[in-house]
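Asks: One structure is given below, represented as structure tokens, and several questions about it will come after.
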Amino acid sequence: MGVLLGTPIAVLGAVGALWLGRFELDVFSQIGLVMVIGLAAKNAILIVEFSKEEYERGASLVDAALAGARVRLRPILMTAFAFILGVLPLVISKGAGANSRQILGTTVLGGMLAATLIAIFVIPVTFYVSERLGRRSEKAGVPAGAPAPIHGGTDDRHPLDRGRP
């Protein structure tokens, strides 16, 4: 869940950068959005996976979330800033076809800045909240991620077979 909640931050950063640059949302910006969403999701997966491993080793939920953010911070920052610096030539490009390169570069730059500077703080919080809510539903007898039974019983038959005797 933390991974899914981290990607809108990157998208908002990308769209905000396009808005600040007075660019349109076209095919080039959509390609940039795909790149940004992929890298933002990868960064979130790194934090959540490490936090989950720490939690399963016996650390408290808060300690696991903080450890995941602390340990994965440097690799995420290195990857993100290498990516951001790599698209700077696109952002400042001139000449024929420069508009398309500027749109692509601006999309990626804004999205990665937002994903890096904001999401690295939000992802551990969403991990904590989702695990806490997951544990609460497990204590109530419903496995995490499973929908609660509508009929109130424990009918293990296939939904199409439930109406039959």
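Asks: Restrict the search to the range 17-76; then list the GluC sites (Glu not before Pro) that DSSP places in a loop and that have at most 15 other Cβ atoms within 10 Å of their Cβ.
Replies: When the GluC sites (Glu not before Pro) of the range 17-76 are filtered for loop state and at most 15 Cβ neighbours within 10 Å, E24 remain.
Asks: Can you give me the pair-distance distribution of the range 59-134, C-alpha pairs, 10 Å bins, whole percents?
Replies: Result returned by the calculation: 18, 35, 23, 15, 7, 1.
Asks: Give me the 1.4 Å probe accessible area per residue for the range 38-106, excluding ligands and nucleic acids, in Å².
Replies: Solvent-accessible surface per residue comes out at 54 Å².
Asks: Next up: Please report the base-10 log of the normalised intensity I(q)/I(0) for the range 1-120, using a Debye sum with one equal scatterer per alpha carbon and no solvent, at each q in 0.17, 0.18, 0.20, 0.21 (1/Å).
Replies: For the range 1-120 at q = 0.17, 0.18, 0.20, 0.21 Å⁻¹, log10 I(q)/I(0) is -0.77, -0.83, -0.96, -1.03.
The values are calculated or read from the model by the stated rules, or taken from the named source; none is laboratory data. No experiment lies behind these values; they were computed from the predicted model shown. Here Cβ is always computed from backbone atoms with ideal geometry, including for glycine, and neighbour counts include all displayed protein chains. For accessibility, only protein heavy atoms count, side chains too; no ligands or nucleic acids. Shrake-Rupley method; radii C 1.70, N 1.55, O 1.52, S 1.80 Å.
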